[in-house]
Structures are given as structure tokens and as C-alpha cells.
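Structure first, then comments.
FYI, it's all coordinate maths here, none of it is from the lab. Everything quoted here is computed from the prediction, not taken from an experiment. Neighbour counts run over all protein chains shown; Cβ positions are idealised from the backbone, glycine included.
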Amino acid sequence: MLNTLISSKTRLNLLIRFFLNLAKKNHLRGLANDFNESTNSIRLELNNLTKAGYLIKKKEKNKINYLANHKHPLFNILVNLVRKHTGIEEIVENIASSIQNLSAIYLLGDYSKGIDSGNIVIYIEGKIVDKKYINNVINKTEKKIKRKITIVNEIDPFEEKLLIYESK
């Protein structure tokens, strides 16, 4: 979806990184390593996104860290676009309507780090009564978003996780 609108693969990866996991700050070398790209291409896009106001940067010790700018007028729109592009919105909608007593849904693995790898790992906090039905929901969602979804039964307390849904 977004890849037809945004032709730069690096820029798209950066938008996903910063607007999927909003609390994660990143620095140039870490991003270059994660995306397996040159620091020059990452630096160019970071400068463009910072100049446009989508990202903020802060010097900490000998590194410059970047973070999504929550005060930008398009912030919520970008978050929603990234969630739709990665299929996270679809997962939340389909699973939340299918599980009784749902407390929370967490992203684990690459997507919790803001990396669009194509393999979405989720943990569902709630009672899954009909596993066959949930598997059908997951299969339909996978076909629609063109990504693999894996549900895990437990979370390693030291593993990075991202809360994507919480019942109120």
C-alpha cells in the first residue's frame, strides 16, 4: 500500500520503524545495521524526515538519537497509515472481535522493533475458546495483509514486546 506512494524503500522502512513502535528511539548506525543499508542512505532519509518535522533528534553523549515527533500535525495519520500498511490494524480488528475477555494483544519479534519482515508474531492475553475459529480468522487475515501471523502461548519477560491493543 504505502510502497506505491513512497518509492524510497529506506524512507518506508524508517517510517515503519518510527511510527509502529513509538517509544523506540534509534541512532544512525543501529538503523543501518538493522536495515542492512549504508549509513549514507539512512542519514539522507533521517535528515529529510527531520527537516519535514516527522522526526525529532537529540544528541545524547556521542550519538544522535531520533524519535517520532508526537507534536507533528500528521502524527496520528502516519501512525494509522503504518498500522494499516503492516496489517496491524487488520489483526487487531479481526482478533478483538473474535475473542471473549480479551485483555491485550502484543507484537513480538521484528514488528515489535519496527521491522517489516513479513512474519508477525503476536501474543493474545485472553481466553481463546474456539481455536479453530481463531485459526480461520488468522488465515483470512494473512491472505488479506500478505504477511505470516504466528500466535505464541507465552512471552519471555526479557523479549521486546509492543502493546497494540488493550481492552478498556
| request: Evaluate 2.2 N^0.38 Å with N set to the residue count of the range 2-68, then give the Cα radius of gyration divided by it. | output: 1.03
| Convex hull (Cα only) mean projected area of the range 74-151, reported in nm² to one decimal | 5.0
| message | From the phi angles alone, apply the Karplus equation (6.51, -1.76, 1.60; θ = phi - 60°) to the range 144-159 and give each ³J(HN,Hα) in whole Hz, x where the residue is Gly or Pro. | response | 5, 8, 6, 9, 8, 10, 10, 9, 9, 8, 8, 10, 5, x, 8, 7
| message | Based only on other Cβ atoms within 10 Å, what is the fewest-to-most ordering of Glu45, Glu60? | response | Glu60, Glu45
| request: Return the aspartates and glutamates within reach of Lys24: Cα separation strictly under 18 angstrom, same-chain partners fewer than 8 residues apart disregarded; answer none if there are no such residues. | output: Asp34, Glu45, Glu60, Asp110, Asp116, Glu159, Glu160
| message | Can you give me the long-range amide H partners of Lys57? Hydrogens built in the peptide plane at 1.01 Å from N, cutoff under 5 Å, separation of 5 or more residues or another chain. | response | none
| remark: For Ser97, Ser112, ascending order of other Cβ atoms within 10 Å (fewest first) is Ser97, Ser112
| query | What FRET efficiency, computed as 1/(1 + (r/R0)^6) with R0 = 30 Å and r the Cβ-Cβ distance, is obtained for Ser8 and Gln100, rounded to the nearest 0.05? | reply | 0.10
| task | Please figure out what share of the DSSP beta bridges in the range 1-153 is antiparallel and state it in percent, rounded to the nearest 5. | result | 70
| query | Could you list log10 I(q)/I(0) for the chain at q = 0.11, 0.17 Å⁻¹, which the Debye formula gives when each Cα is one point scatterer? | reply | -0.48, -1.05
| query | Residue by residue through the range 90-98, which ³J(HN,Hα) values in whole Hz follow from phi under the Karplus form 6.51 cos²θ - 1.76 cosθ + 1.60 (θ = phi - 60°), with glycine and proline marked x? | reply | 5, 4, 4, 4, 5, 6, 4, 7, 10
| message | What are the ³J(HN,Hα) couplings of the range 26-32, residue after residue, when phi is run through the Karplus curve with 6.51, -1.76, 1.60 and θ = phi - 60°? Round to Hz, x for glycine and proline. | response | 9, 10, 3, 5, x, 5, 4
| In what sequence do His70, His85 fall when counting other Cβ within 10 Å, fewest first? | His70, His85
| Dipole magnitude of the range 80-168 about its Cα centre, charges +1 at Lys/Arg Cβ and -1 at Asp/Glu Cβ only, in debye to the nearest 20? | 420
